[in-house]
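To keep things clear, I will list the structure first and then write my remarks on it.
The values are calculated or read from the model by the stated rules, or taken from the named source; none is laboratory data. All values reported here derive from a predicted model rather than from experimental measurement. Neighbour counts are summed over all protein chains in view; Cβ atoms, including those assigned to glycine, are modelled from backbone coordinates with ideal geometry.
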Amino acid sequence: MRDFTVAIYRQLLDGLKGAGFSFQTFSDYLKAPLPKTVLLRHDVDDRKLHSLKFAQIQKEKDIVGTYYFRMVPQSYDEGVIREIRDLGHEIGYHYEEMDFAAGDPKKAIGIFERNLEQLRKLAPITSICMHGSPRSRYDNKDLWKHYRYRDYGIIGEPYFDLDFKSIFYLTDTGRRWDGKAVSVRDKVEGNGGPVFHSTGEIIKGVSGKDFPSRVMINFHPQRWTDDPNLWLREKYTQQAKNMVKYLLIKWKQ
């Protein structure tokens, strides 16, 4: 079976449920973490209808997830946000203010306040997550060197509020599960555990004794499709992006 399809995504969810995992939103995990649990995190960078499809599948399986929306046209859609909210999932803000403000924290926090207010008209927002902006010179997490997100009623940001020594992190960045070499900012410290390349390998591994009991899985739903033409386009586009990111990382070293 081809990887990064909706079909294999369904199999992954079934495999996790079959292995006895519970599912929590990020905010719920911070409030009361369960002993054997999965946090399904979705970075809605593009093709927002793909994220809606994921949310509908999860609803069918009585599963919850967290969806982080950017404030750009390819992500922000009030109708989609409301639908995902009404399906019982958590809506969060995928912020990129330092990029928007060209590194000016004072300007960036003003943008953040306006965007957060706008998004909160659609859903309660208690968590945020930075957008990696791999082609930008600015790290969006740097905004919090100057301000406190808890002053805005935010209880958590995954890169600051998860101990990745105790929760296993998997991300499809680079359209692969072992894409650390081509990830500019989607990296965490202390993340030990098994290494997987494909979704099929994860499905086989979830029932094993070495698979961790607490996991955050980060999806970029725009990469997942059963449409053969779109699947091929995404595959080869991502391969080109990975080469650029790899060279960028090497240049910075």
*Do we find a residue being farther than 26 Å from residue 204 by Cα, charged (D, E, K, R) and assigned to a helix (DSSP H, G or I) anywhere in segment 17-34?*
yes
_Can you confirm whether residue 114 is in a helix (DSSP H, G or I), without any contact (Cβ under 8 Å) to a residue 24 or more places away in the chain and more than 22 Å from residue 77 (Cβ to Cβ)?_
no
*Selection from segment 176-206 of residues that are within 18 Å of residue 40 (Cβ to Cβ), of a type outside the set (A, V, I, L, M, F, W, C) and at pLDDT below 90*: 186, 191, 193
*Out of (1) farther than 19 Å from residue 223 by Cβ; (2) out of contact with any Asp or Glu (no Cβ under 7 Å at 6 or more places or on another chain); (3) not in a loop (DSSP other than H, G, I, E, B), the odd one out for residue 58 is which?*
(1)
_For residue 128, only one of the following conditions fails: (1) buried (at least 23 other Cβ atoms within 10 Å of the Cβ); (2) in contact (Cβ under 8 Å) with a residue 40 or more places away in the chain; (3) β-branched (Val, Ile, Thr); (4) assigned to a helix (DSSP H, G or I). What is its number?_
(4)
*What do you reckon, is residue 108 small (Gly, Ala, Ser) and either touching a His at 6+ places or on another chain (Cβ under 9 Å) or in contact (Cβ under 8 Å) with a residue 12 or more places away in the chain (or both)?*
yes
*asked:* Pairs needed: first member in segment 1-20, touching a residue at least 24 places away in the same chain (Cβ under 8 Å) and under 20 Å from residue 236 (Cβ atoms); second member anywhere, assigned to a loop (DSSP other than H, G, I, E, B) and among the β-branched types (Val, Ile, Thr); C-beta distance under 8 Å; at least 6 residues apart or different chains.
replied: 4/225; 5/225; 6/225
_Looking only at segment 91-111, how many residues end up being assigned to a helix (DSSP H, G or I) and either of a type outside the set (D, E, K, R) or surrounded by fewer than 19 Cβ atoms within 10 Å (Cβ to Cβ) (or both)?_
9
*Residues that are of a type in the set (Gly, Ala, Ser) and more than 16 Å from the chain's Cα centre (by Cα), drawn from segment 12-69*: 15, 18, 19, 20, 22, 32
